[in-house]
Amino acid sequence: MKKRILVISPYNPFTPILSAAARTLHYRIRNLAAMADVTLLTFTGSGDHERGCAAEFGVTGRFVPSPKRRVEGRPARMGNLLRVLTGRLQAFDNIDALVSRLAQALAGILRETRFDLIHIDDVIIAPIIRHLPEGTNKLLFFHNLLTLQYRSYARAKRGVHRKIVASLERLWVHRFEANLLKEFPTIVVLTEIERRKAAAMSPSTKVVQIPLEVDLEEYRPSSEPADFRRITLSGTMSYEPNHEAALYFIREILPRVRSRHGDAQFFVVGKSPRKELLRQSNGQVVVTGEVEDIRDYLRRSGVVVAPILSGGGMRMKILEAFALSKAVVSTSLGAEGIEYTDGENILIADTPEAFAGRVCTLLDDVEECARLGKSARRLMEGRYAVPQVWSKWRQVYRELGIC
């Protein structure tokens, strides 16, 4: 008899357009449903479509409406400082709203079915553990370790007031996350840096490192030639590190690139761009908003960039570009967690001058783009394809008595 697993996630893996977090859950659910009876509790997206997709996978889908995300105006300096001094972070308000909405449905599900394992997908809903019965076998997966993410934010801030506020936010987030970690016997993180940090925060918790994955059948290189005038950055643009990276490239790097390649175009591809970014659209900068299939834009690009200055975890945007045999230029932070070799399967640059120089190197040499892209694809085949990564997940589930 198959074991029963309840997966609780803020990311719906059955919507027509998937975020990076939803895509990696999609891969995992697909494999997990082959060996266990899976129920998924998540937020609704497109109704009948998602229910049909879940059923095709053999997954019982429970979909609840998303809470409205709280968006605050820019507070006065003293008000902002008072807010963080008392720990009233907007991030915590959003977490409380997510957990409250999911917990209402969770109670009914637990009355109907007893589960052998409850898999909680991401720390932003981890407090739902307090709504589980005692003795429940549970697992927590981190898309990002917030402690490291907020540390990165604090380091990137400029100005005394902003640094003080960011540092206080980091301390509150660290406290929140450390207390949660102690409630989970097993957690999974994406990178080795996160594994070491999480283990130090909660020595009693077993911490396993498993990277992101990409389905290489879905992400196959195109035989059509790319447009080598196109430089592309992809991602959800409401996410602060992506917004920051796009503006950094537009203001600091693109002018240097265009001084050598005047016909270069920069495409910012991803949903929910902010007004500040939308205002940058002109003949040389294209801000698309949400697109139906990110692969179409990546395949047409000559160079893919990840000029990331803050944040944490792994970047699916780089792995997807690798899978499509694209030449990628990234900051060191952007490529963190990926077992790359600079100059072999990616180019790394951490200043605007160096970044522009490496982009221009690729725009000057189509054959170098092809060589770098093919090497990146080989890296994906060896380390980050779904079968290789799923074998690591299967071992975790085996140790938890699921298979």
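Within segment 161-204, the set of residues being within 21 Å of M314 (Cβ to Cβ), open to solvent by 10 Å² or more (accessible area, probe 1.4 Å) and either among the polar types (S, T, N, Q) or within 19 Å of the chain's Cα centre (by Cα) (or both) comprises T186, E192, I193, R195, K197.
Specify the residue that is nearest to the chain's Cα centre (by Cα); the eligible residues are those in segment 322-350 that are surrounded by fewer than 22 Cβ atoms within 10 Å (Cβ to Cβ) and not in a loop (DSSP other than H, G, I, E, B). Per the criteria, the residue is I348. Exactly one residue out of S9, S19 is touching a residue at least 60 places away in the same chain (Cβ under 8 Å), under 23 Å from I124 (Cα atoms) and surrounded by fewer than 23 Cβ atoms within 10 Å (Cβ to Cβ), and it is S19.
Among the residues of segment 179-193, those identified as in contact (Cβ under 8 Å) with a residue 12 or more places away in the chain and in a helix (DSSP H, G or I) are L180, L181, E192, I193. Taken across segment 147-158, residues that are within 20 Å of L89 (Cβ to Cβ) and not in a helix (DSSP H, G or I) do occur, with at least one present. Within segment 217-267, the set of residues being of a type in the set (S, T, Y) and open to solvent by 40 Å² or more (accessible area, probe 1.4 Å) comprises S222, S223, T236, S238, Y239, S259.
From the list L98, L6, L82, the one residue that fits, being modelled with pLDDT of 95 or more and out of contact with any helix residue (DSSP H, G or I) (no Cβ under 6 Å at 6 or more places or on another chain), is L6. Taking segment 270-325 as the range and being among the hydrophobic types (A, V, I, L, M, F, W, C) and under 13 Å from H243 (Cα atoms) as the test, the residues that pass are L277, L278, V287, A306, I308, L309. Scanning segment 271-312 for residues that are of a type in the set (G, A, S), touching an Asp or Glu at 6+ places or on another chain (Cβ under 8 Å) and under 26 Å from S222 (Cα atoms) yields S301, G302. Could you list, in sequence order, the residues of segment 145-165 that are more than 16 Å from L85 (Cβ to Cβ) and not aromatic (F, W, Y)? Once the filter is applied, which keeps residues that are more than 16 Å from L85 (Cβ to Cβ) and not aromatic (F, W, Y), segment 145-165 yields L145, L146, T147, L148, Q149, R151, S152, R155, A156, K157, R158, G159. Does R158 meet the test of being without any contact (Cβ under 8 Å) to a residue 12 or more places away in the chain and under 20 Å from the mean Cα position of the chain (by Cα)? So R158 fails the test. Pairs linking a residue in segment 275-291 that is within 16 Å of Q265 (Cα to Cα) to a residue that is part of a strand (DSSP E or B), with Cβ atoms under 6 Å and 6 or more positions apart or on different chains, are L277/V287; L278/V287; S281/V287; Q284/Q265; V285/F266; V286/F267; V287/V268; T288/V269.
The number of residues in segment 351-382 that are over 19 Å from L324 (Cβ atoms) and loosely packed, with under 14 Cβ neighbours inside 10 Å comes to 3.
Residues of segment 311-336 that are at positive phi and either at pLDDT below 95 or among the charged types (D, E, K, R) (or both): G311, G313. For segment 278-304, the tally of residues that are part of a loop (DSSP other than H, G, I, E, B) and not charged (D, E, K, R) stands at 6.
The values are calculated or read from the model by the stated rules, or taken from the named source; none is laboratory data. Note that the structure is a prediction, hence the values are computed from the model and not measured. When we count neighbours, we look across all protein chains shown, and the Cβ atoms used for this are built from the backbone with ideal geometry, even at glycine. Quick note on the areas: whole protein, heavy atoms, side chains included, nothing else; ligands and nucleic acids left out. Shrake-Rupley method; radii C 1.70, N 1.55, O 1.52, S 1.80 Å.
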